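The values are calculated or read from the model by the stated rules, or taken from the named source; none is laboratory data. Everything quoted here is computed from the prediction, not taken from an experiment. Cβ placement follows ideal geometry from the backbone for every residue including glycine, while neighbour counts extend to all protein chains displayed. Surface accessibility is based on the protein's heavy atoms, side chains included, excluding ligands, DNA and RNA. Shrake-Rupley method; radii C 1.70, N 1.55, O 1.52, S 1.80 Å.
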Amino acid sequence: MNPQISVVIPAYNHERFIGPAIESVLSQSVQDFEIVIVDDGSTDKTADVIKTYADPRIHYTWQENQDAFNTINRAMKQARGEWISILNSDDVYAPDRFEKMLAFCESENHVAAISNVIPISDDGDEFRDPGFGWNQWHKKNRDVYFELQDIYAAFLHGNFMVTTSNLFMKRDVVEAVGDFCSLRYLHDYDYIFRVMLAFPNQIGYLHDDKLLFYRIHDGNTLSEAAILGREQDLQVIETYMLRKLPEEYRDYVATGSRRLRDLENELHAVRAELNQMQSGPTVVPSLPRRIASRVKRAVFG
């Protein structure tokens, strides 16, 4: 007999967090599940922690490091359940997540669903300050969803699913949509759009239920990843904005959106030059001529 739910856990160097992740599954109010863990070449004691759990429903595989999207894809291929639930090895489920997700999907005839989330620290403390940057970002995305009441349009504004750990879907969805793509930071964002396109109006949002604890790690700093992540964000949004349009309009919208993006960059460059010139004591007499010259170069090349 196949289990009702397969929990797919891609694990990598999370010896501190993998235990709470596994225990959050074992303590679910719905117990008909298996846990498929693929260890993506961890070099710490992640494997040792996993092996302390003797539950026969846990299936463990180790592989050479291949990145998160490949790890999830391999684990999903091993899963046998009617439903697939992904859990990153540093996140934690609420104890009634499966119960509420199943009831919601069955009552609304959804093939996939996401819930609201709770951001937590490495120590498991909730980030409750409304002024906390992540909370502000998440609130803006949710506000757009409530305003539009259109899940696809709301996702174009931002990824309020937040993480692959929030995906709960039927096996049919996985078989229809296929593998996660190779986007390092936004494979979850790309995937939810593909799910919505394949199963329109069958994706639900349990917006009032916080059923996932999403870990925001200490010491995260601004780096090149912030640039790459935003470049991938642009790519995903443009791709799936165009997919919703009739084909004869896509070139117009693609061209116009690229020009608007260039104009934003040009305006930023001009404003930066103006601020720099105005801060120098000897620049003021030649300011008009220099502004005209720089604006001309920025706009006309």
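The condition (being part of a loop (DSSP other than H, G, I, E, B) and either over 14 Å from the mean Cα position of the chain (by Cα) or modelled with pLDDT under 95 (or both)) is satisfied by just one residue among D218, D172: D218.
You will find that of S182, S165, the residue that is within 21 Å of A75 (Cα to Cα), at pLDDT below 95 and of a type in the set (S, T, N, Q) is S182 and no other. Answer yes or no as to whether D143 is open to solvent by 10 Å² or more (accessible area, probe 1.4 Å), touching a residue at least 60 places away in the same chain (Cβ under 8 Å) and not hydrophobic (A, V, I, L, M, F, W, C). Judged against the criteria, D143 is not a match.
Among the criteria (1) open to solvent by 50 Å² or more (accessible area, probe 1.4 Å); (2) modelled with pLDDT of 90 or more; (3) of a type in the set (A, V, I, L, M, F, W, C), the one A292 does not fulfil is (2).
Apart from one condition, L148 fits all of (1) in contact (Cβ under 8 Å) with a residue 12 or more places away in the chain; (2) surrounded by fewer than 17 Cβ atoms within 10 Å (Cβ to Cβ); the exception is (1). Counting just the residues of the stretch 59-109 that are aromatic (F, W, Y) and open to solvent by less than 80 Å² (accessible area, probe 1.4 Å), which one comes out farthest from H14 (Cα to Cα)? The selected residue is F104. You will find that of A153, A176, the residue that is within 20 Å of T239 (Cα to Cα) and in contact with a helix residue (DSSP H, G or I) (Cβ under 6 Å, 6 or more places away or on another chain) is A176 and no other. Determine whether A113 is assigned to a strand (DSSP E or B) and either of a type in the set (A, V, I, L, M, F, W, C) or at negative phi (or both). In short, yes.
Is there a residue in the stretch 28-46 that is open to solvent by 40 Å² or more (accessible area, probe 1.4 Å) and in contact (Cβ under 8 Å) with a residue 60 or more places away in the chain? Please lay out each step first, then the result.
Restricting attention to the stretch 28-46, the residues satisfying the condition of being open to solvent by 40 Å² or more (accessible area, probe 1.4 Å) are 29, 31-32, 43-45.
Those still in the list that are in contact (Cβ under 8 Å) with a residue 60 or more places away in the chain too: 29.
Yes, some residue in the stretch 28-46 is open to solvent by 40 Å² or more (accessible area, probe 1.4 Å) and in contact (Cβ under 8 Å) with a residue 60 or more places away in the chain.
Residue check: G178 meets all listed conditions (1) under 23 Å from L87 (Cα atoms); (2) surrounded by 14 or more Cβ atoms within 10 Å (Cβ to Cβ); (3) without any contact (Cβ under 8 Å) to a residue 24 or more places away in the chain but one, namely (2). When the stretch 215-254 is filtered for residues that are open to solvent by 80 Å² or more (accessible area, probe 1.4 Å), free of Cβ contacts under 8 Å to residues at least 24 places away in the same chain and more than 18 Å from L197 (Cβ to Cβ), the ones remaining, listed by number, are N220, T221, L222, E224, I227, R230, E231, E248, D251, Y252.
Restricted to helices (runs of 4 or more DSSP H) entirely inside the stretch 1-107, those with at least 1 residues that are touching a Pro at 6+ places or on another chain (Cβ under 6 Å) and under 27 Å from H207 (Cα atoms) are 68-78.
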